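The values are calculated or read from the model by the stated rules, or taken from the named source; none is laboratory data. All values reported here derive from a predicted model rather than from experimental measurement. Here the Cβ positions follow ideal geometry from the backbone for every residue, glycine too, while neighbour counts run over all protein chains shown.
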Amino acid sequence: MTSEDLLNTLEDLGDEEFNKFKWFLQQEEILQDLPTIKKSRLQATRRWDTVDLMVQTYRLPGAVEVTGKVLERIHRNDLLESLSRTYNWAHQALFLAVVVIIIFTCFHLSAR
């Protein structure tokens, strides 16, 4: 999962949905234990600026989590599902890469 994946998701929102998305980023009760982003920082942001702010505020995994929560609130379950598939695929790819590294390391050490 990359910032570009989040940007692609936000680009699938209409203007009104995007404004609603930014509004939810300011709501404590929605974000629960995560910090909100101030209205003044979000007011004139474009989609890529919003992604940057979310990643700066929550780091990438947190930005993915917040995006999922907000997509659910604005009833864009189609985008939530797509984001989940991308996130799961990225986790599986990372897991496989770690397994390959472990196997290679074990093989290399046993060859000594």
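Among the residues that make up region 7-29, is at least one of them modelled with pLDDT under 95, hydrophobic (A, V, I, L, M, F, W, C) and either touching a strand residue (DSSP E or B) at 6+ places or on another chain (Cβ under 8 Å) or not in a helix (DSSP H, G or I) (or both)? No, there is no match, as no residue in region 7-29 is modelled with pLDDT under 95, hydrophobic (A, V, I, L, M, F, W, C) and either touching a strand residue (DSSP E or B) at 6+ places or on another chain (Cβ under 8 Å) or not in a helix (DSSP H, G or I) (or both).
List every residue pair whose Cβ atoms sit under 6 Å apart, with the two residues 6 or more apart in sequence or on different chains, where the first one lies in region 28-45 and is within 14 Å of residue 56 (Cα to Cα) and without any contact (Cβ under 8 Å) to a residue 24 or more places away in the chain and the second, anywhere, is outside any loop (DSSP other than H, G, I, E, B) and acidic (Asp, Glu). Filtered contacts from region 28-45: 36/28.
Which residues, counting only those in region 31-71, are in a helix (DSSP H, G or I) and farther than 22 Å from residue 4 by Cβ?
Answer for region 31-71, where residues must be in a helix (DSSP H, G or I) and farther than 22 Å from residue 4 by Cβ: 31, 39, 40.
Taken over region 46-77, the residue count meeting the criterion of being without any contact (Cβ under 8 Å) to a residue 40 or more places away in the chain and of a type in the set (A, V, I, L, M, F, W, C) is 1.
Which residue, of 64, 98, 51, 55, is modelled with pLDDT under 95, buried (at least 17 other Cβ atoms within 10 Å of the Cβ) and on the phi < 0 side of the Ramachandran plot? Criteria check complete, one pass: 64.
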